[in-house]
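Participant: Take this structure, written in structure tokens, and hold onto it; I'll ask about it next.
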Number of protein chains: 2
Amino acid sequence: MKKLKRGSRLIEMTQFLLQRPHTLIPLTTFADRYQSAKSSISEDIVMIKELFEEEGLGEVLTIAGAAGGVKYVPRVAREEAEAYVAQICAELGQAERVLPGGYLYMSDLLGRPQVVREAGKLFASVFADRTIDVIMTVETKGIPLAYATASFLNVPVVIVRRDAKVTEGSAVSINYISGSAKRIQTMSLARRLLRQKARVLIIDDYIKAGGTVRGMIDLLGEFEAELVGVGIFAESGDAQDRLVDDVISLVKLQKVDERARVAQLTAGNFLEQLTSKQENDENEH
Amino acid sequence: MKKLKRGSRLIEMTQFLLQRPHTLIPLTTFADRYQSAKSSISEDIVMIKELFEEEGLGEVLTIAGAAGGVKYVPRVAREEAEAYVAQICAELGQAERVLPGGYLYMSDLLGRPQVVREAGKLFASVFADRTIDVIMTVETKGIPLAYATASFLNVPVVIVRRDAKVTEGSAVSINYISGSAKRIQTMSLARRLLRQKARVLIIDDYIKAGGTVRGMIDLLGEFEAELVGVGIFAESGDAQDRLVDDVISLVKLQKVDERARVAQLTAGNFLEQLTSKQENDENEH
């Protein structure tokens, strides 16, 4: 890359950092890349850090020392999170979204890349301080959310299949009880997709009784992998009646009126997580 | 947002544009956002445009007039595309990737957000000049690729299901012949996910005989939707024996040795598309 002046450097470093969240980048990388002195790079980083933090794009951490560098940690501002969730609740609360059986139609919403991307950023903010090796989801509708989260946390995704597939090689299968329908179903994961002791974050689109997530957790056991957290786009039903605990949700279905075909939603419990994180930070300082 | 100086403006505009590809943004949006004169904003945009184009991040188009503004069109540089594809071919050509039946194991690669993101950027570059309303894929492994492409093209994704699901409401189903296995299968799409006359880009992970893609095209017919193009991560077999034409692939399986369990891959035909686009541009100028 040719030598860049400050303005061009700021543009380039911004896009470089945004594309590499949760990645430690040594200052020498930038100094070499732009043929600039480290002191200039440090000044640039201060500007980027201030702007990112003021505008709620996330933290830019600078780590001193020989093994140091700069790391971009995406975090949403509380206002942004509240505005997003309010918009999702409003859209999902529109008429005609409740299907026979009380299911809520969300596929159009989860088909919009901006909606999915922002959900991923919220999950990445909530789980930013946990050590995560891999994100797990089960086909189908959780997949986009899992990848969006993964792109902000810079970790890979493994997809649990409803059946073992010939294109994935040997697989570990388990049976589980789908909580709502009480049917025995099978899910499987390719053996080579998950290493032992991996620390796993589960992301999915919907939880009610929790049978599917329970199945994924059982599958983790087969791999001797460890559960780090569970992030769900929309939760329904009572958390106490659920087969899994500690679910973090973005929105919560409060009431589904099957006759009027309309649902009432509120923000999920993830906002509490954002708050407590900020409070922790304040307590630490 | 408070008034920003040039350096901070450049950082903010860069992230703003990167998050909103293929979206026309009036200059007044930036002028209001940063409380700056339009002339300053124009100078900023020139800097961003030059840097983006030099570094192969894409085009920044400026459209003059009252209905004008600025639009970021992601495009990969040819070198970046070639380096990416060479890396994918090398990784997929490693030993132990060929599974019984001659299938190539790709799930780990397609689990890495950076790999998927870059594939999406390549597809978005190839199809940047076509009018696309929606991207269609079929569960499961094409989904991340479809969303990555959609995020660069700023269009929604619809997911064709292998079975009609209760959570999606009324659906249109068709039968199709899976080309390789010659089995009759069913695929379906929720009726409200695709409007009539929509212009659809199909994205999937793998094609051999083309039965699945043929099925998706037949499904488009049921919605009176229009096919704009087909982008596939990895193609196999002879294009002439295929049930669909005009497939654009990123990589091509040239030879699969089932006994040695190793495959040979080369770049797919998408590089020709990049070339001809650039040549068109040169001819136009």
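Participant: Go through segment B:115-132 and count every residue that is aromatic (Phe, Trp, Tyr) and in a loop (DSSP other than H, G, I, E, B).
Facilitator: Going through segment B:115-132, the residues aromatic (Phe, Trp, Tyr) turn out to be B:123, B:127.
Checking which are in a loop (DSSP other than H, G, I, E, B) leaves us with B:127.
Counting residues in segment B:115-132 that are aromatic (Phe, Trp, Tyr) and in a loop (DSSP other than H, G, I, E, B) gives 1.
Participant: Just one of (1) within 28 Å of A:Glu12 (Cβ to Cβ); (2) among the charged types (D, E, K, R); (3) within 14 Å of chain A (Cβ to nearest Cβ) trips up B:Glu82, so point out which.
Facilitator: Evaluating B:Glu82 over (1) within 28 Å of A:Glu12 (Cβ to Cβ); (2) among the charged types (D, E, K, R); (3) within 14 Å of chain A (Cβ to nearest Cβ) leaves (3) as the failure.
Participant: Another one. Here's a check for you: in segment B:10-48, which residue that is facing chain A (nearest Cβ under 9 Å) and not hydrophobic (A, V, I, L, M, F, W, C) is surrounded by the fewest Cβ atoms within 10 Å (Cβ to Cβ)?
Facilitator: Per the stated criteria, the residue is B:Arg20.
Participant: Could you grab me the full set of residues in segment B:133-149 that are among the β-branched types (Val, Ile, Thr) and either outside any helix (DSSP H, G or I) or within 7 Å of another protein chain (Cβ to nearest Cβ) (or both)? Give the steps one after another, and end with the answer.
Facilitator: The first filter runs over segment B:133-149 and keeps only residues among the β-branched types (Val, Ile, Thr), leaving B:134-135, B:137-138, B:140, B:143, B:149.
Hits for segment B:133-149 are B:Val134, B:Ile135, B:Thr137, B:Val138, B:Thr140, B:Ile143.
Participant: If you don't mind, there's one more thing I want to ask. It is to be established whether one or more residues within segment A:195-207 are modelled with pLDDT of 95 or more, out of contact with any helix residue (DSSP H, G or I) (no Cβ under 7 Å at 6 or more places or on another chain), within 27 Å of A:Asp238 (Cβ to Cβ) and in the same structural domain as A:Ile143 (by TED's automatic domain parsing).
Facilitator: Yes, segment A:195-207 has at least one match.
Participant: Also: Sort through B:Leu227, B:Leu145 and tell me the only one that's over 22 Å from B:Gln114 (Cβ atoms) and modelled with pLDDT of 95 or more.
Facilitator: On the way: B:Leu145 fails: over 22 Å from B:Gln114 (Cβ atoms).
The match here is B:Leu227.
Participant: Having 1 or more residues that are touching an Asp or Glu at 6+ places or on another chain (Cβ under 6 Å) and charged (D, E, K, R) is the bar; report the strands (runs of 3 or more DSSP E) wholly within segment B:171-256 that clear it. I'd like the intermediate steps shown before the answer.
Facilitator: Values: elements: B:171-178, B:183-190, B:199-207, B:226-236.
Strands (runs of 3 or more DSSP E) meeting the threshold: B:199-207.
Participant: Any residue at all in segment B:87-94 that's within 14 Å of chain A (Cβ to nearest Cβ), under 30 Å from A:Lys3 (Cα atoms) and either surrounded by 14 or more Cβ atoms within 10 Å (Cβ to Cβ) or in contact with a Gly (Cβ under 6 Å, 6 or more places away or on another chain) (or both)?
Facilitator: In the first step, residues of segment B:87-94 are kept if they are within 14 Å of chain A (Cβ to nearest Cβ); the result is B:91-92, B:94.
Next cut, under 30 Å from A:Lys3 (Cα atoms) only: none.
The answer is no, given that none of the residues of segment B:87-94 is within 14 Å of chain A (Cβ to nearest Cβ), under 30 Å from A:Lys3 (Cα atoms) and either surrounded by 14 or more Cβ atoms within 10 Å (Cβ to Cβ) or in contact with a Gly (Cβ under 6 Å, 6 or more places away or on another chain) (or both).
Participant: Another question about this same structure. Please find, among A:Asp241, A:Asp205, the residue that is free of Cβ contacts under 8 Å to residues at least 60 places away in the same chain and either closer than 29 Å to A:Tyr105 by Cβ or surrounded by fewer than 23 Cβ atoms within 10 Å (Cβ to Cβ) (or both). Break it down stepwise before answering.
Facilitator: Numbers: A:Asp205 fails: free of Cβ contacts under 8 Å to residues at least 60 places away in the same chain.
Within the list A:Asp241, A:Asp205, the selection yields A:Asp241.
The values are calculated or read from the model by the stated rules, or taken from the named source; none is laboratory data. Here the structure is a predicted model, which is why all the values come from computation and not from measurement. Neighbour counts are summed over all protein chains in view; Cβ atoms, including those assigned to glycine, are modelled from backbone coordinates with ideal geometry.
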